[in-house]
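The values are calculated or read from the model by the stated rules, or taken from the named source; none is laboratory data. Predicted model, so just to flag it, every value in this text is computed and none were measured. Positions of Cβ are generated from backbone atoms using ideal geometry, with glycine treated the same way; all protein chains shown enter the neighbour counts.
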Amino acid sequence: MLTDWFCCARRRDIFMRAIKVALLVGSILMLINHGDVILSNGLSTREFIKITLTYFVPYSTSTYSSVEAVCVAENKPSINKLIGSFLVRKGLELFRYLATLK
């Protein structure tokens, strides 16, 4: 089931929308958060990593919201339910395993 969600996240329309959002919103956030560093003394490796993460956040947010909207429209389970059921299942397995150790 999770593979279906990630397959949907790789759809071209969702990917392109997320790239556009990341470029627009990420650039605004980058200028707000790192503009002074870029203009003053250049970029260190640390700053470059922080700027990259600045673009990753809107990309991830856009992808998540688009895939969730597709899941609702196509009556598919949300990733929240999929991960929740996965964690419950693994938690029960761990509980059963720990019970056998006594």
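Filter the stretch 61-80 for residues that are within 15 Å of Ile19 (Cβ to Cβ) and touching a residue at least 12 places away in the same chain (Cβ under 8 Å) and give the result.
Thr61, Ser62, Thr63, Tyr64, Ser66, Val67
Is it the case that Leu24 is hydrophobic (A, V, I, L, M, F, W, C) and modelled with pLDDT under 90?
It is false that Leu24 is hydrophobic (A, V, I, L, M, F, W, C) and modelled with pLDDT under 90.
Does the stretch 55-76 contain any residue that is in contact with a Cys (Cβ under 7 Å, 6 or more places away or on another chain) and either β-branched (Val, Ile, Thr) or at pLDDT 90 or above (or both)?
Yes - at least one qualifying residue is present in the stretch 55-76.
Having 3 or more residues that are in contact with a helix residue (DSSP H, G or I) (Cβ under 9 Å, 6 or more places away or on another chain), hydroxyl-bearing (Ser, Thr, Tyr) and surrounded by 13 or more Cβ atoms within 10 Å (Cβ to Cβ) is the bar; report the helices (runs of 4 or more DSSP H) wholly within the stretch 1-75 that clear it.
45-73
Those residues that are among the aliphatic types (A, V, I, L, M) and within 16 Å of Thr3 (Cα to Cα), I need them from the stretch 53-70; list them, please.
Scanning the stretch 53-70 gives Val67, Val70.
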